[in-house]
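Novice: The structure follows.
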Amino acid sequence: MTSAPAQPQAAASPEAGSPEAGSPGAGSPGALPPPPGRGPLPGPDGMPRCPWGLSAPEYVAYHDDEWGRPVRGDQAIFERLSLEAFQSGLSWLTILRKRENFRTAFARFEIAAVADFTPDDERRLLGDAGIVRNRAKIEAIINNARAALNLPRGLSDLVWSYAEEPGSRPAPRTLDELPAQTPASKALSKELKKHGFAFTGPVTAYASMQACGIVNDHLAGCFRREA
């Protein structure tokens, strides 16, 4: 995403928007307002939001209720990592619209169940028009479930160990200030790879960190930033 959902994938397809709304300074008195089109925008209720959260109807609820809120638990984190892997090269909106189909196809992302998938399951998934039928990604998710079962302290604890300290960097004021990856996401990606994970590169890892509230990348001035 740097665009925003893909904030679900910060660097892929711009999920994006407009005026000089925004907290002129995220706590920096006298700072210049963000340039038009890249800072928070008022939504249908008048509340300022990250502009990608207004670019499609499905994004409003996702932005307001899910993205950036802390997510914990091995199954929940596995789902986010899996969906972000499927998003690679695509718009997050595609994945969001197919999310329930993915959940049905992948046993609600129950790690042990996915780890037990057989070649017959792979063929079933490749024939499922309700998901993204990409053989490499499907095989990666099954592989990652097996890798997750072997983590000494669990997937959630591993991923959350790379959380940044609150206030360790300024709140982004515009979409242009959102990174596609960070040193922490590179380190997380490297750790996951060491344990056998696939399709969890630094950009995918960072998008997952954003989605799970491990970092807070709501823009300064967005009503969700401090909520």
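The values are calculated or read from the model by the stated rules, or taken from the named source; none is laboratory data. Note that the structure is a prediction, hence the values are computed from the model and not measured. A quick note on method: Cβ atoms are made from the backbone with ideal geometry, for glycine too, and the neighbour counts reach across all protein chains shown.
Residue-wise test of (1) under 23 Å from Cys212 (Cβ atoms); (2) at pLDDT 50 or above; (3) in a loop (DSSP other than H, G, I, E, B).
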site	(1), (2), (3)
Ala16	yes, no, yes
Pro33	no, no, yes
Gly39	no, yes, yes
Pro44	no, yes, yes
Glu58	yes, yes, no
Arg69	yes, yes, yes
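Novice: Looking only at segment 133-178, filter to residues that are of a type in the set (S, T, N, Q) and surrounded by fewer than 13 Cβ atoms within 10 Å (Cβ to Cβ); which one of those is farthest from Cys50 (Cα to Cα)?
Specialist: Selected residue: Asn150.
Novice: Then there is this: When you go through (1) of a type outside the set (Asp, Glu); (2) out of contact with any strand residue (DSSP E or B) (no Cβ under 7 Å at 6 or more places or on another chain); (3) farther than 21 Å from Tyr206 by Cα one by one for Leu54, which number turns out not to apply?
Specialist: The one condition Leu54 does not meet is (2).
Novice: Another question about this same structure. Test each condition in (1) over 14 Å from the mean Cα position of the chain (by Cα); (2) modelled with pLDDT of 95 or more; (3) farther than 24 Å from Glu139 by Cα for Asp176 and report the one that comes out false.
Specialist: In the conditions (1) over 14 Å from the mean Cα position of the chain (by Cα); (2) modelled with pLDDT of 95 or more; (3) farther than 24 Å from Glu139 by Cα, Asp176 misses (2) alone.
Novice: Would it be correct to say that Phe102 is part of a helix (DSSP H, G or I), surrounded by 16 or more Cβ atoms within 10 Å (Cβ to Cβ) and out of contact with any strand residue (DSSP E or B) (no Cβ under 8 Å at 6 or more places or on another chain)?
Specialist: yes
Novice: Of all residues in segment 71-92, how many are aliphatic (A, V, I, L, M) and at pLDDT below 95?
Specialist: Matching residues across segment 71-92 total 1.
Novice: Taking only pairs six or more apart or across chains, which ones have beta-carbon atoms under 7 Å, a first residue in segment 181-200 that is of a type in the set (A, V, I, L, M, F, W, C), and a second residue that is in a loop (DSSP other than H, G, I, E, B) and at pLDDT 95 or above?
Specialist: Ala184/Tyr162; Ala187/Tyr162; Leu188/Tyr162; Leu192/Thr200
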